[in-house]
Amino acid sequence: MSRHADRRDRLLRLVPGTGADGLLVTHPANVTYLTGFTGDSSYLLLTPREQIMISDGRYAQQLTEECPDLDAEIRRPGLEMLPMVAKVVDAAKVRNLAIEAASMTVAFCSELSQQLSGVQFTFTGSLVEGLREIKDREEVAQIREAIELAERAFAVVRAGLRPDHTEKQIAHNLEHQIRCFGGTGCSFTPIVGVGPRGALPHARLSDHRVEESDFVLIDWGARGALYVSDLTRVLVTGRISPKLERVYGVVLKAQRAAIAAIRPRAVLKDVDAVARKVIEEAGLGKYFTHGLGHGIGLEIHEGPRLAPSQDRQLKAGMVVTVEPGVYLPQWGGVRIEDDILVTRTGGEVLSHVAKELDDCVLQGMR
Ligand code: ZN
Ligand code: ZN
C-alpha cells in the first residue's frame with residue numbers, strides 16, 4: 001500500500017467516530033497529504049467503498065501521474081465545482097457527509113446542503129490535521145531539505161549584507177537564493193525588522209535600511225518540494241549595547257531551556273511555561289506576547305501549538321518550532337527560532353544556524 005493510501009486508510013477508520021459515513025476533503029494541504037496531488041481546486045471524497053478525486057480538465061493528466069490509484073471525476077468546462085460535488089456525493093450514496101468546517105465557505109456549504117437535501121452534514125475540525133501532526137520518515141527528510149535551503153540562502157544573504165540594504169531587499173534576496181538552491185520559494189513572506197521595527201512580531205516589509213539600527217530581526221523559511229522550514233535570527237549590524245546583550249541572553253536561555261524540555265509526553269503548555277518562566281524571572285514576561293511555537297509541515301502553521309492553553313502532549317514524530325521572543329516598544333525585538341523533531345527519547349534540533357550573540361555579529365558594517 002502506498003504512503004498516501006495508508007493515510008487514507010487510517011483516516012477512514014476515524015470517520016465513523018464523527019457519525020458520518022463519508023468525508024469530503026477540501027483543504028488543499030489535506031488533499032495533498034492524502035493523495036500526493038500537488039495541484040489545487042480539487043476535492044477528495046472518501047467513503048468505505050470509494051475514493052474519488054473531484055477535479056477539472058487542467059489536472060486530468062497530473063492526476064493520473066501523481067495519484068494513479070485514485071478514481072477521478074473530471075468536471076467538464078462550464079460545470080461548476082458545486083453541482084459536481086453534489087453529483088458525486090449523491091452517486092456514492094453517502095447519508096451523512098463529514099465536511100472540513102475550517103476550509104469550506106458558508107456559501108458553498110449551504111448551497112451544497114440544498115442540493116443534497118437527503119444528506120446530513122457533520123462538521124469536522126481536525127481529522128486530517130491530527131494525522132498530519134505526526135511526520136513519517138519521508139516527511140522529516142523533506143523538512144530537513146527545507147531547513148537546509150533556508151540555511152544556505154541565509155548564509156549567502158548574510159555574507160553579502162550591506163549597510164544600505166533595506167528590509168524589502170533582504171527579503172527579496174532570501175527568496176532569490178532559496179530558488180537558486182532549488183527550492184520552491186519562501187515558505188512565507190520573510191519578516192525583516194530593523195531596530196524598533198523588530199518589536200512588531202509580524203512587521204510588514206519596509207524601506208528601512210539596516211544601517212539605521214544596531215540590529216535586525218529576520219524570520220524566514222523555505223519551501224522545498226512540498227514541506228517548509230521556519231527560522232528566526234537576529235543579526236547585529238552595529239554595536240552590542242548592554243540592553244541588547246541582556247535581552248538576547250534571556251531569550252537564548254529561554255529557548256535552550258524549552259528545547260531541552262522537548263520529549264514525547266511532555267505537555268505542550270509545560271514546554272511553553274519553561275521558556276516563559278525564564279523570561280518572567282528576568283522581568284520581561286509581559287514582553288513575550290505570543291505562544292512558544294507551532295508545528296510545521298505542509299503548512300507553515302499547523303498543530304500542535306506550544307502555548308499556555310494547550311493541554312495535549314508532544315508525540316514522537318512531531319516537528320515544532322521553538323521561538324520565544326521579547327519585544328520592547330521603540331527599541332526592537334529579539335526572537336530566536338529553531339525547528340525541533342520530537343524523537344522517541346527527546347528532541348533533535350534540525351536547524352543549525354549559529355545563535356550565540358557573538359556569532360550574530362556582522363563585521364565591517366560600520
Ligand atoms: Zn518564523
Ligand atoms: Zn514560527
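The values are calculated or read from the model by the stated rules, or taken from the named source; none is laboratory data. Bear in mind the structure is a predicted one, so any value in this text is a computation, not a measurement. Neighbour counts run over all protein chains shown; Cβ positions are idealised from the backbone, glycine included.
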### Query
Pick from 245, 211: which is touching a Leu at 6+ places or on another chain (Cβ under 8 Å) and either buried (at least 24 other Cβ atoms within 10 Å of the Cβ) or of a type in the set (D, E, K, R) (or both)?
245
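Have a look at 225, 254 and point out the one that is assigned by TED's automatic domain parsing to the domain that holds residue 172 and assigned to a loop (DSSP other than H, G, I, E, B).
On the way: 254 fails: assigned to a loop (DSSP other than H, G, I, E, B).
Result: 225 is the single residue among 225, 254 that is assigned by TED's automatic domain parsing to the domain that holds residue 172 and assigned to a loop (DSSP other than H, G, I, E, B).
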### Query
Between a first residue in segment 295-313 that is touching a residue at least 24 places away in the same chain (Cβ under 8 Å) and a second residue that is assigned to a strand (DSSP E or B) and more than 12 Å from ligand 2 (Cβ to nearest atom), which pairs have beta carbons less than 7 Å apart while being 6 or more apart in sequence or on different chains?
295/303; 295/304; 310/304; 311/267; 312/304; 313/267
### Task
Select the strands (runs of 3 or more DSSP E) contained entirely in segment 1-70, then report the ones holding at least 3 residues which are over 24 Å from the mean Cα position of the chain (by Cα).
51-56
### Message
If I go through segment 169-196 residue by residue, how many of them are assigned to a helix (DSSP H, G or I) and hydrophobic (A, V, I, L, M, F, W, C)?
### Response
5
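Identify all residues within segment 28-66 that are in contact with a His (Cβ under 7 Å, 6 or more places away or on another chain) and among the hydrophobic types (A, V, I, L, M, F, W, C); write none if there are none.
Our first condition is that a residue be in contact with a His (Cβ under 7 Å, 6 or more places away or on another chain); within segment 28-66, this holds for 34-36.
34, the sole residue that qualifies.
Which of the following residues is touching a residue at least 24 places away in the same chain (Cβ under 8 Å) and over 20 Å from residue 312 (Cβ atoms): 269, 243, 286? Give the derivation first.
Values: 269 fails: over 20 Å from residue 312 (Cβ atoms); 286 fails: touching a residue at least 24 places away in the same chain (Cβ under 8 Å).
Going through 269, 243, 286 in turn, just one is touching a residue at least 24 places away in the same chain (Cβ under 8 Å) and over 20 Å from residue 312 (Cβ atoms): 243.
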### Query
In segment 194-208, how many are surrounded by fewer than 18 Cβ atoms within 10 Å (Cβ to Cβ) and away from ligand 2 (no atom under 16 Å from the Cβ)?
3
